[in-house]
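Remarks on the structure that follows.
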Amino acid sequence: MKSRLTTLCYIEKDGQYLMLHRISKKNDVNKDKWIGVGGHFEEGESPEDCLLREVKEETGLTLTSYSFRGIITFSYEDYPTEYMCLYIGEEFEGTLRECDEGTLEWVDKDKIQDLNLWDGDTLFLEMLRQETPFFSLKLCYRKDGSWYRSVLNGKEMELLDICGEDGTPTGHVKERSMVHRDGDLHRTVHIWVIRKRADGGLDVLLQKRSEEKDAYPGCYDISSAGHVHVGDEFEDSALRELKEELGVIAEKRDLRFIGFHEGYVENNFWGRPFKDWEISAVYLYEKPVTKDRLVLEKSEVEQVVFMDYGKVLEGIKEGTFANCIYPKEFQMIMEAMKPDFCAKDVWVKELIGK
């Protein structure tokens, strides 16, 4: 059996990485993928021994300067766990030669993401681009090669399914911050907590987002909302968000689906661009809610308040209070209150700045 310890090196030159297109071996787990260069430890080798030998064997180059950037733990279903030492090759000597593993090619760093990569590789390549300090990253894959879990320095990361324009997952997965960097279509859930008043009016519960949020800090927002994590379904995600953000323990029968909302908006927060393209399953929660009994997730929600629906709609349209609510989605609430309303054909688009 080969060692479970490996090295992987991205050799850089003039804003490019040396990439290996694995097309030569028939039974290669990396068949048709683009990766760096490297391989398995041999008996008695240190990480540096393995690095230098593999680079020489695969490229003909001799590294003269390199940096150890991280440890990647690959967990596969029905396959031994692999531990990979990740390096950047900064300087080298020699002449590049053909590789029997595939085709070597210098690729611009900003074009790497266009290649056929493992989904998880896009994450640690981004961390290399951002010059993240030495890190430990765990990537978990299923038998079919799909990526479903990632843990960075012991902390769970949020992975999202990338969707086609019909809202169906494409099979590709990305980390949350990269989804919002690139503006990929993904799935979310929006739950509006409402209550009918004795005078016939309608109140809606708004949350005020924490000042620490990575987008729209301090703005009024949907009662409860969140991303649909990789492999999850809309209803289960809605129930999870209600519990995590508000402390509301609900069941599927407590949610009234009122349609899908497709929204796109571009902005800038904390000095970084933010592109949000989402297909949201929109629900109403109409059971009695006592604001003072809610248990708020302080890292997400600063406070909640019931407000008159008409006044909120007026404030959204006139821009008289800080909010990040889509006007057309908010109007879906009132449409859903009509006696003849049917949700199955409701798909509202609201694309701003795309």
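The values are calculated or read from the model by the stated rules, or taken from the named source; none is laboratory data. These figures come from a predicted structure and were not determined experimentally. Positions of Cβ are generated from backbone atoms using ideal geometry, with glycine treated the same way; all protein chains shown enter the neighbour counts. Note: areas computed on protein heavy atoms with side chains; ligands, DNA, RNA excluded. Shrake-Rupley method; radii C 1.70, N 1.55, O 1.52, S 1.80 Å.
Can you pull out the residues in segment 90-105 that are buried (at least 17 other Cβ atoms within 10 Å of the Cβ) and either closer than 18 Å to residue 32 by Cβ or free of Cβ contacts under 8 Å to residues at least 12 places away in the same chain (or both)?
Within segment 90-105, 99, 101, 102, 104 meet the criteria.
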_Residue ID - surrounded by the most Cβ atoms within 10 Å (Cβ to Cβ), chosen from residues in segment 152-172 that are touching a residue at least 40 places away in the same chain (Cβ under 8 Å) and farther than 24 Å from residue 350 by Cα_ = 159
*Filtered residues of segment 124-143 (kept if open to solvent by 40 Å² or more (accessible area, probe 1.4 Å) and farther than 12 Å from residue 173 by Cβ)*: 129, 130, 131, 133, 134, 136, 138, 143
*Among (1) open to solvent by less than 40 Å² (accessible area, probe 1.4 Å); (2) closer than 15 Å to residue 121 by Cα; (3) without any contact (Cβ under 8 Å) to a residue 40 or more places away in the chain, the one test that residue 34 misses*: (3)
_Near pairs, Cβ below 7 angstrom, 6+ apart or cross-chain, from segment 19-31 (farther than 10 Å from residue 99 by Cβ) to any residue that is of a type in the set (S, T, N, Q) and surrounded by 12 or more Cβ atoms within 10 Å (Cβ to Cβ)_ = 23/103
*Pick from segment 280-315 the residues that are surrounded by 12 or more Cβ atoms within 10 Å (Cβ to Cβ) and among the acidic types (Asp, Glu): which of them is nearest to residue 342 (Cα to Cα)?*
286
*Would you please name the residue that is nearest to the chain's Cα centre (by Cα), looking only at residues in segment 81-121 that are among the β-branched types (Val, Ile, Thr) and farther than 29 Å from residue 184 by Cα?*
81
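Which of the residues spanning segment 123-137 are aromatic (Phe, Trp, Tyr) and either farther than 17 Å from residue 156 by Cβ or in a loop (DSSP other than H, G, I, E, B) (or both)?
Once the filter is applied, which keeps residues that are aromatic (Phe, Trp, Tyr) and either farther than 17 Å from residue 156 by Cβ or in a loop (DSSP other than H, G, I, E, B) (or both), segment 123-137 yields only 134.
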*Would you point out the residue of segment 237-279, among those that are without any contact (Cβ under 8 Å) to a residue 12 or more places away in the chain and charged (D, E, K, R), that is surrounded by the most Cβ atoms within 10 Å (Cβ to Cβ)?*
243
_Among the residues of segment 83-102, what is the count of those that are modelled with pLDDT of 95 or more and not in a loop (DSSP other than H, G, I, E, B)?_
11
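Condition check ((1) farther than 27 Å from residue 350 by Cα; (2) modelled with pLDDT under 95; (3) aromatic (Phe, Trp, Tyr); (4) out of contact with any helix residue (DSSP H, G or I) (no Cβ under 7 Å at 6 or more places or on another chain)) across all residues:
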| site | (1), (2), (3), (4) |
| --- | --- |
| 270 | no, yes, yes, yes |
| 281 | no, no, no, no |
| 289 | yes, yes, no, yes |
| 293 | yes, yes, no, yes |
| 297 | yes, yes, no, no |
| 308 | no, no, no, yes |
*Which number in (1) under 25 Å from residue 140 (Cα atoms); (2) in a helix (DSSP H, G or I) marks the one condition that residue 58 misses?*
(1)
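Residues of segment 103-113 being assigned to a strand (DSSP E or B) and under 16 Å from residue 14 (Cβ atoms), which ones? Even if it seems obvious, please write down each step before you answer.
First, the residues of segment 103-113 that are assigned to a strand (DSSP E or B): 103-108.
Result: 104, 105, 106, 107, 108.
Can you work out which of the residues in segment 173-213 that are closer than 30 Å to residue 140 by Cα and of a type in the set (A, V, I, L, M) is surrounded by the fewest Cβ atoms within 10 Å (Cβ to Cβ)?
So in segment 173-213, the residues closer than 30 Å to residue 140 by Cα come out as 173-190, 212-213.
Within this subset, residues satisfying the condition of being of a type in the set (A, V, I, L, M) are 173, 178-179, 185, 189.
Details: 173: 24, 178: 15, 179: 23, 185: 20, 189: 27.
If we take residues in segment 173-213 being closer than 30 Å to residue 140 by Cα and of a type in the set (A, V, I, L, M), then 178 is surrounded by the fewest Cβ atoms within 10 Å (Cβ to Cβ).
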*Those residues of segment 316-354 which are open to solvent by 80 Å² or more (accessible area, probe 1.4 Å) and β-branched (Val, Ile, Thr), in sequence order*: 320, 352
